[in-house]
Amino acid sequence: MLSLGKIGAAPDAGRYYVRQVASGAEDYYAGVGEAPGEWTGSGSEDLGLRGQVPEDGVTRLLAAQHPATGKQLRTELKPGSVAGFDLCFKAPKSVGLVFGIAEEDVSAQVRDGHEAAVREALGYLEREACIVRRGKGGAVQLRGRGFVAAAFRHRTSRAGDPLLHTHVVVANQAQGPDGRWTALFGRAIYAHAKTAGYVYQAALREELSDRLGVRWQPVRSGTADIEGVSRSAVEAFSRRRAEILATMDERGEHTARAAQVAALDTRRTKPHDVDHRSLREEWRERARACGIRERDIPALLHREPAPLLTPADIESEIRRLLGPEGLTAQASSFDRRDVVRAFAEHARAGAASQDVERRAELLLARPEIAGLDDGRWTTHELLETEKRLLDAASRTTDRCDAASPAETTERAIRDRPTLSDEQVDAVRQITSGPGSVQVLRAPAGTGKTFALDAARDAWEQAGVPVLGCALSARAACELRDQAALPTTTIARLRLALDGSARLQPGSVLIVDEAGMVGTRDLAALTDAALQANGRIVLVGDDRQLPEIDAGGAFRALAEQGPTSELHEVRRQSEPWDRDALAQLRNGKVEDFVRAYLEHDRVVLAPTAPGARDALVQDWWTDREEHGGSSLMLANRRSDVADLNARARQHLRAAGQLGPDALTTEDRAFAVGDRVITTHNDRRLGVHNGQAGQLERADRTGVLIRLDDHSELKLPAHYAHEVEFPRFGGQG
C-alpha cells in the first residue's frame, strides 16, 4: 500500500528521516539503525544527484534548495507551507515477516525486490502526477520534468514488528518545460496515490515471484499476502495496526481521517538505535508461536510458478471489465486510474507497471467504451441500458393492461379520507395515468406506503395482480405490512426472472427505494413488466442514499417525467423536526445536527463504548416497555458485532435467548437469535437478505422462522460456510 502525507516547511524538516540512518555500513549490517537514504526520481538525476543522501541533503531539499550546492531553486518557503510529500510504500505484512525472519540471502532478495517495486511506482507517479503550478493561485498547470526525491528504507514499525517500507521524500518543486522551478500541483499526486500503490504491489509480486518463486493469495484491494503465511500470523505481527484500530474504536470514529489522527496520537518515538539482530531473534520466537519456523521459510519459496497471463487471459479480463460485473458494476463511469488498478489487481503473480499500463490502454482503445465530457468513460452497454429504460418511461401510448379504471381509483380514495391532496394526485397518476412506467418521488416520512395502500386497493378491485419488491428484506417486509401486498427482494425476483419465471400478465410491479437500485436492475425489472403488458411503479428518493450498483437512472427518470411527488412530511409531527429532516435531505448536515442538539434528540457519551451502552439500553427499554421494533444501526461490522453481543446479554438475562447451540468459525448462534442470510443458494431455496428468528439449531441444521412467517430449513454446513450476521440493524 501507499500512504501519503505533507511535510511542513521548518528548520528541522527531514530530521526524522536522517535520525533513523545508521552511522555507517558497519552499524547497519550489525543491525543498528537504518540504511542511508538514496537519491531517486528523474529530477534528481537532472541535478546530478546520485547515490547516498548526505546529512544536510534532505534539509536543503525541503527548503527548496539544491541539495548539493544550497542554491535556492524557487522562492524561499514560509514556515508552515508545504515543503514536500512523504510517500510511504509498505510491503504486505507477510512479505515483511519473511524479510524479518528469513536467512540473510532471502531477506536481501526481498529487500531488492521491494526497492525495484518502489522505483516502478514512483515512475508511474512521475508520468501521471509530476505537474507544476503557475500563475495566480496556481491556476495554470504544466508538465514537470521529474521529481527530486530521497528514498529512506526502514525495517520496522513503531510497534517493533517487521515492516519493510520506504519513505520517498518528494520535494515540493520541479522544473517546468521552460526550466523554471515552481511548486508541484499536489492534487495530482493525491489523485494518483491509490493507483501508484496498486502499481507498487503488482510490481512487488512480480519481483518476488521471479526472485524467490513465491506464490500469492488472492489479491484484495490491490494487495496480496504470500501463500502459506496464515492470517493469524499476519495479525500477530500487526500490533501497530491493532493500536490504531483500538483507538478508533474507543473514539467511535472510523473514517480515513480518523485513522490518520489515531496514528498520530498513538505514535511513539521510534528508537533509531535498535539492535535488529536481537529483534530478529524476537521475531523468530513470535513466529514460532504462530507455527512458522525459520526452516519453514524455504517451503514458501521456489514453488511451481503460477501460469503466466496469456493474450487470451488478458482478452477475457477486458471482456469482464467491460461487462456488467466489471468497471461499471458499482459506478456509472470510470477513468484511466480505475483501469490501471483493475489490471494491477488482476495480475495475481504480479506485473511490471509498463505491462499493467499497456493492458489498460488496450481496454481504453476498445469500441465498447464511450468517452464522456469530463475525461471519463462508460460502456455502450450501460448507455444503451439507460436509454432503453428512459425510452420505455417516455412512451405513454404503449399497451398496458394494468391500469385501474378511474371510478375504481376514486372509490379507493374515498375509502381513505385522510389522504392529502398530493397523495390523491399520486394515487390517480400511478394507477390510471398513461404509460407503463410510473415514477413516484417520495422522501421518507411523506406517507408513501399509505398512498401505495390506496393504489393497491384500486388495482385489486380492478382485478390487477400487484407485487412489490425492494433491495433489502426488511424494506420488502415493511412494504408488505404497511401496503398489504405480497413482496420479495429484488435479488430474489431477479434470480427467478433470470430463470423461467415471468410476471403475471397485466400485473403491477412496485419497486420501493428505487433511488438506491442500480440502472441494470431497474432496466431488467422494467423489461419484465413490459413483457407482461403490465406496469412498473418506481418509488424512491434520489436525494437519500446513493445507488449500491451503477446508477443515476431513477433521478433521470424523475426529471424526465411524468413524475408524481410527495413533499409533505407526515411522520414527524413537530415543525422543527420536519425542517431539520429537510435540511438533512438537502445536504445541510450541520443544520440538521444543530436542530437535533437544540431539542435534546442526540445522545452524547464520553466514549464510543459508552455510546453503544446507551444505545443498547434505549433499544432494550423500548422493546420491553413498548414492544417497539426500534433499530440499532452501525456502519462497521465490528460495531454491529459489539451491539449484537450487548443485546444478546439482555435477551439471555430475560430468558428470551437459549444457550448457544451452533458455533461457526467466529460466532455462536442460539434459539431466539435473529439472523439474515447473505448468499443466494438456489438448491436450498435461500435468497440473499432473508431475515427471521432462529427456532432450532443443532449439528443437523437450522430452522429459521422468516419475517414473512414461512420456514427456512438449512443444513448445518450452510451456517458454517456462510456468514450469518445476527443483525445488520439490531431490532
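A short reminder: the numbers here are calculations on the coordinates, not readings from a lab. Fair warning: this is a prediction, and the values are worked out from it, not measured in the lab. Cβ coordinates were reconstructed from backbone atoms using ideal geometry, including for glycine residues, and neighbour counts include every protein chain displayed.
Key figures for this structure:
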read-out	value
Cα gyration tensor category, rounded, prolate or oblate, for the stretch 411-477 with a/c compared to 1.5	rounded
Gyration tensor (alpha-carbon) shape descriptor, the chain, a/c threshold 1.5	prolate
Per-residue HN-Hα couplings for the stretch 91-99 [Karplus 6.51, -1.76, 1.60; θ = phi - 60°; Hz; x = Gly/Pro]	6, x, 4, 5, 5, x, 5, 4, 4
Packing-based exposure ordering (other Cβ within 10 Å, fewest first) of Asp373, Asp338, Asp673, Asp210	Asp373, Asp210, Asp338, Asp673
Counting DSSP beta bridges with both ends in the chain, the antiparallel % (nearest 5)	75
Positive-end extreme of charge dipole, the chain - chosen from Pro367, Gly179, Ala116 (charges on Cβ)	Gly179
Sparse-neighbour loop sites [GluC sites (Glu not before Pro); the stretch 86-126; at most 16 other C-beta within 10 Å; DSSP]	Glu103
Estimated distance in nm for a label pair at Val424 and Val593, the labels positioned 7 Å out from Cα along Cα-to-Cβ	4.3
Nearest 10 degrees, 0 to 90: helix 589-598 Cα axis against the chain principal axis	70
Exceeding the 24 Å Cα-Cα cut-off - candidates Lys6/Lys90; Lys194/Lys387; Lys90/Lys194; Lys78/Lys136; Lys448/Lys713; Lys6/Lys194	Lys194/Lys387; Lys448/Lys713
Distance in nm between pseudo-label sites at Asn635 and Ser230 (7 Å out along the Cβ direction from Cα)	3.5
Rounded to 10°, Cα long-axis angle of helix 637-653 versus longest principal axis of the chain	50
Principal-axis tilt of helix 473-483 within the chain, Cα atoms, nearest 10 degrees	20
